[in-house]
Structure formats: structure tokens, C-alpha cells
Amino acid sequence: MPGAEVVMENDVFVSDIARHIWDTRYRYRAGARVIDATVADTWRRVAKALAAVEPHAREVWERRFVAAMRGFTFLPGGRILAGAGTHRRVTLFNCFVMGVIEDAMDGIFESLKEGALTMQQGGGIGYDFSTLRPAGVRARATGAIASGPVSFMHVWDAMCATVLSTGARRGAMMATLRCDHPDVEAFIDAKRAPGTLRHFNLSVLVTDAFMEAVRRDDEWPLVFPASALDEDEGAGREVVHRRWSGTDGPVPCLVLGRLRARALWTKLMRAAYDHAEPGVLFLDRVNAENNLWYREYITASNPCGEIPLPPYGACDLGALNLTRFVEAPFTPEARLDLEALARVVPVAVRMLDDVIDASRFPLDKQAAVERGSRRIGLGLTGLADALIMLGLTYGTPEARALATKTMRTICHAAYRASIELAREKGPFPFFERDKYLGGAFIARLPKDIREGIAEHGIRNSHLLAIAPTGTISLLANNVSSGVEPVFDFVFTRRVLDEEGHYVVYEVADYAYRLWRARMGATTPLPPHFVTAQDLPPAAHLEMQAALQPYVDNAISKTVNVPEHTPFREFAALYEAAYEKGVKGFTTFRPNPVTGAVMEAHAAEGAQAPHCCSIEREAD
């Protein structure tokens, strides 16, 4: 078994919060009867449920799946851990992007209903509200005056709160809006007041044309499709053509207003600086790098941003725990066993592929999209702790180089595994060989992978994503989450119990706890023990940018920004993120609206930035 520590099945928890997370979120009970006596029972339950969809050698695969999860080596997404093998009417998918919202009252409320049904089964949801007419314009069909997308977002927010009150497990939602929608300024300011739209994360869809207009300080047209507006609205107005949300190609749009691009960018940056939202999704880059570029136009993501998805697309997530692959930690001989990591990847890919066949779907449309693409999102967690155990400092070129090599190993092993699955079970139904091979990401893969795809196809359209993993990282004895640096080495954390009340735990970071166990309570920490607060914001961005070339979906990353950071430096981070090729960017600067992420040694806790509190993750 890989890793520094041998963990016995019945003694896996070294922290109280890890046991609490398992007991309240992932332990299977049938009423008052406990089914999962130990976490090993949870692993066996999940493994058996996924292996049951295998056509052959189910017992063999069940054993391999258990071995992959043992010791928290591979961490399936939380919906998988909680739902697989329970016979409950729940989905095993963490999140969904919902369908295009039709700009009519019945269409709007049909979309609301679909969201409620999806959330009821435990899935987080994402919506693009760009299809809704801007406030103040008249509809072509009815002549009614539109109230605008932000007004309807409040309806969704109330729905989410209501569904949560019925006992559903999560309430995470993402709302996106185009940067050229006439209501973009209202969208940017939508969460400025504390407590407003609190079940939503917000991101603006930023185009390459807008970033170029910002650079030149051009005027920026605010537009909306002419077909949705009353004829009187178009009288004398300029018409431009845009690929709008929900369309198959460019459509005529009326120019309803203009403003300076740089002024709009500054407004967006100021909102992020003051209250951590909206985030930014670089729309054209997401679509240019999409493996299914030939059949999808993506304008929304799951609530934490690591999976940009088409309408009715789903997130099928899991993470490899890098701390389990560190040999001889805290010694001169410390190394990351990439060979062992590569051996686990095919088992993880197969498990996530089996999730697609084992899971229920809230809507038939979601089943059709996910079964057509068989999209999965295998990622990593524990990166920062692994670096500490190896004696490397997060933010240095050496740490980034190893992280890049690690993600490249996962990426190539995953693609090779998916090709082998296609040989065995067939490629995903939406696969079109020549078009798929023409994708930008696919074209950069090694020759043997591209030749394998050409000959055998590939089982999954997409394979990689890096999620925040806050909850499952706590389950794994508080390894660092996703690609994030360690928040702090000792802090208090509030988590919900099954009755919805907060329980406070003192939490020690995994690598810190291991160091203290080996070196003693008084041994000074070496300099490479750094936290998110010790790092300049650029170090966060550089790590995200270093891994993005080997992630075909995207990366959930919150860049911590010190409160005293000048606004000009803050805005420059977003411009640098665009230049470095990331697909989305989110920051968090302590502020009066959202407070701080967590308080070291303070029981208060606080709301987390944008997406990443474990109450708002959909895992």
C-alpha cells in the first residue's frame, strides 16, 4: 500500500472531526439501524455498488475498488460515498449544470422545478441567467416589462432555502451572466448587501473580446438577442452578431447600451475586492479547450467552478490523496512515488466510469447528456501537505515543477486507462474520432495516447478536474484541500451535525500532526511549513496555472489576498490569470461582508469565500 503510514481498517481516524464527518455525512444508516459499523464497511458498500455494474469479474473489481479507497488513498466524491449502495433515491453526482432557461414565465418556472428536483436528490446546480431579458425592456410576445435576471435569482435562492429545510443535504448553486448582458452591472452588485443571494456563487462570463476592449479602454456594447425583444426596442438600434447562450451560432443582437470596458472591469474587480464575488470564467478559453467543442457550447459551471458543463451536464468527481504516496517523509530520502500513483489511476477512472451506470439521475435529460459523454473529473488532494512532507515550499519553482509532473502523471495515466476501457466496453456515444482528435487539449497529448484514441476510441470525453475537496479532505484526517495551501496548522472549525447545529472542533493539519508525532511538540517547524497567509497571491495563481495544462476540465482554486493589498495589485491578479491561461479565477480578501474563511484558534468560524465552505460544497 502506498504512503508513509500504514493505516489499519478499524483505526483510520486520528482526528475527531474526521470521525464526525464520516458519522454524519457518509455512514449508512437505515433509520435507527447502523449499517456501516466502520469506515471499512463504507468502502466495501461503495465498492460493491460500483462493481455491480461491471459485466465481468465483479468480485475482482470490488476488491480492487476497496484497495484503492483503503487508507483514504482514493477519495470518491461525497455523493458517491454517501449514496452508493444505500438504495436511497439520491444521485451519485456532486453537481449539475441545468438546462437553458427559456425567456418566458412557464420556461423560467420549469427550470426552477428542475433545479428543485435535482437539489432534492443532493446535487448542486449551476445556471446561466444570460438568456433572461434585461430589466426594463418589453417582451415581443406579451408586451410585458422584464424584471431582469437578478430578480429571478432571488426566486431560486428562496427555492434553495426551502429545499434545504426539507432535509436535502446541500444548497450550492452557481449563477453566471455574460459580460455583455445589459444587466451585468446589477449582477456584479447583486451580493453586495450581507446575506443577499446567500445560496448562490456568482461568476461573470468574460470573453476574449472584452479583455481586449479592457486593454484598449474601448467602448463596450451591452446587447441582447433581437428575437426576444419587442420590435419597438429595435427601432434605430445598432445590430451586432453574437454567439449567445443557448444558441447554435451567432445571432442578431440589439445594442441596448454602451459603457467603457475598463470601467466595467474596474466595477467587477471592486466587487471582488470588497466582498469576494463575482468570480470570473473565461468563456472563450473554456470553449476553445473543450474536448467536445464540436457539439457543446458551455456557458456555466458547477458551483465551485472546476467542471464547466453543457446544459444538463453532470459532475462525477474523485480525488487521489497525494499524502499516501509520499515515502520517507521529513527525511532527506523523501520522495513522491509517481509509479504507485500511476497504478492507482486506472482503478479510480474505472470506478468513476461505473458511477455513471450505477447512479440515479434526477432528470432523464441529465442521464442522456452524462451517458452520452461519460464525463468524469479525477483530481488530487493533499498537494500542500505532500509538498511539506517532501521538504518543498509551496510557491517555489521546485514545488510547482513537482506538482506539474504529478498532474501530468495523473493526466496521461487517466487517458491511457480510458482508452483501455474503450477497448473493453466501447467509447462514449458522442465520440466522433476525427473531431475529437482535433480538440486543442487532445492535440497536446503524447503521440501514443492520440494513436490509441484514433484506433480504439476513448471511454470518457473528459477525465480530469481539481475540486476543492473540503469535506472529503477532512474525512481523510484533514489533509490539505485540493491544490490549496494549508490554511493553518491548528485552528478551530465549525461543522454541522445531523440536526443542523454547529459543532466546533480543534483541527490539526495532517502534515503538521505527522511532524509533531515524529519530532515532538517543541521542535521548531522548518521554513517550508507555510500557510496560505504566508504566501503572496501570485504563488497561488502560479500553482493553478502550472496544473491547468494537464486538466481537461478546470480547477477550483481560491486565491487568498491579504486585506491590505492595494486595489491595483488585486486587479492585476485577474489580468495575470487571463494571460496565464486559466479557465476561471476566484479570490478571497477578508472583508466586512463575508468575514474570514476560518479563525485560527477561534471558535467563531465565518463564511468561506465564494464557494468553498464545506456547507456549500456539493460533496
TODO: Determine whether region 552-568 contains at least one residue that is more than 29 Å from G77 (Cα to Cα), touching a Phe, Trp or Tyr at 6+ places or on another chain (Cβ under 7 Å) and not assigned by TED's automatic domain parsing to the domain that holds G377.
DONE: yes
TODO: Sort out for me the helices (runs of 4 or more DSSP H) sitting completely within region 509-596 that have 2 or more residues that are modelled with pLDDT of 95 or more and farther than 30 Å from R216 by Cβ.
DONE: 510-519, 537-547
- [ ] Mind counting the residues in region 104-136 that are of a type outside the set (K, R), surrounded by 18 or more Cβ atoms within 10 Å (Cβ to Cβ) and part of a loop (DSSP other than H, G, I, E, B)?
- [x] 5
TODO: State all residues of region 545-559 that are surrounded by fewer than 24 Cβ atoms within 10 Å (Cβ to Cβ), more than 18 Å from H462 (Cβ to Cβ) and in contact (Cβ under 8 Å) with a residue 40 or more places away in the chain; if no residue qualifies, say none.
DONE: A546
Open item on the list: Pairs please, first residue from region 100-123 and in the same structural domain as Q366 (by TED's automatic domain parsing), second anywhere and surrounded by 16 or more Cβ atoms within 10 Å (Cβ to Cβ), Cβ atoms under 6 Å, 6+ apart in sequence or on different chains.
Closed with: none
TODO: Would you check if there is a residue in region 137-146 being touching a Leu at 6+ places or on another chain (Cβ under 9 Å), assigned to a helix (DSSP H, G or I) and hydrophobic (A, V, I, L, M, F, W, C)?
DONE: no
Task: Selection status of V90, under 28 Å from the mean Cα position of the chain (by Cα) and either modelled with pLDDT of 95 or more or surrounded by 20 or more Cβ atoms within 10 Å (Cβ to Cβ) (or both) - done: yes
- [ ] Please enumerate the residues belonging to region 292-323 that are touching an Asp or Glu at 6+ places or on another chain (Cβ under 6 Å), farther than 18 Å from T586 by Cβ and part of a loop (DSSP other than H, G, I, E, B).
- [x] P310
Task: Residue within region 505-512 that is farther than 30 Å from T299 by Cβ, out of contact with any strand residue (DSSP E or B) (no Cβ under 6 Å at 6 or more places or on another chain) and among the charged types (D, E, K, R) present - done: yes
TODO: Name every residue in region 190-210 that is assigned to a loop (DSSP other than H, G, I, E, B) and touching a helix residue (DSSP H, G or I) at 6+ places or on another chain (Cβ under 8 Å), in order of residue number.
DONE: A190, K191, R192, L197, R198, H199, T207
TODO: Take F187 and decide whether it is within 18 Å of L283 (Cα to Cα), part of a helix (DSSP H, G or I) and either touching a Ser or Thr at 6+ places or on another chain (Cβ under 8 Å) or at pLDDT 95 or above (or both).
DONE: yes
TODO: Considering each of G457, G470, G439, G426 in turn, give the residue that is touching a Pro at 6+ places or on another chain (Cβ under 6 Å) and in the same structural domain as A319 (by TED's automatic domain parsing).
DONE: G457
Open item on the list: If I filter region 325-343 for residues that are within 21 Å of the chain's Cα centre (by Cα), in a helix (DSSP H, G or I) and in the same structural domain as L75 (by TED's automatic domain parsing), do I get at least one hit?
Closed with: no
Task: Residue ID - nearest to F224 (Cα to Cα), chosen from residues in region 112-147 that are over 22 Å from the mean Cα position of the chain (by Cα) and hydroxyl-bearing (S, T, Y) - done: T131
Open item on the list: For the structure I just gave you, tell me whether L75 is part of a helix (DSSP H, G or I), under 22 Å from the mean Cα position of the chain (by Cα) and more than 28 Å from G257 (Cβ to Cβ).
Closed with: no
Task: Among residues of region 503-531, those that are touching a His at 6+ places or on another chain (Cβ under 9 Å) and closer than 14 Å to V14 by Cα, counted - done: 2
Task: Segments classed as strands (runs of 3 or more DSSP E), wholly inside region 211-285, with at least 1 members that are basic (K, R) - done: 239-243, 250-260
- [ ] Identify the residue in region 217-258 that is closer than 27 Å to P308 by Cβ and free of Cβ contacts under 8 Å to residues at least 12 places away in the same chain and, among all such residues, is surrounded by the fewest Cβ atoms within 10 Å (Cβ to Cβ).
- [x] G249
- [ ] Taking only region 379-410 into account, find how many residues are closer than 12 Å to P485 by Cα and among the acidic types (D, E).
- [x] 1
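Here is a yes/no grid of residues against (1) among the β-branched types (V, I, T); (2) surrounded by fewer than 21 Cβ atoms within 10 Å (Cβ to Cβ); (3) in contact (Cβ under 8 Å) with a residue 40 or more places away in the chain:
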site	(1), (2), (3)
L338	no, yes, yes
V344	yes, no, yes
R350	no, no, yes
G382	no, no, yes
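The values are calculated or read from the model by the stated rules, or taken from the named source; none is laboratory data. This one's a predicted model, so the numbers in the text were calculated from it and none came from an experiment. Because the Cβ atoms are built from the backbone with ideal geometry, glycine has one as well, and the counts that use them run over all protein chains shown.
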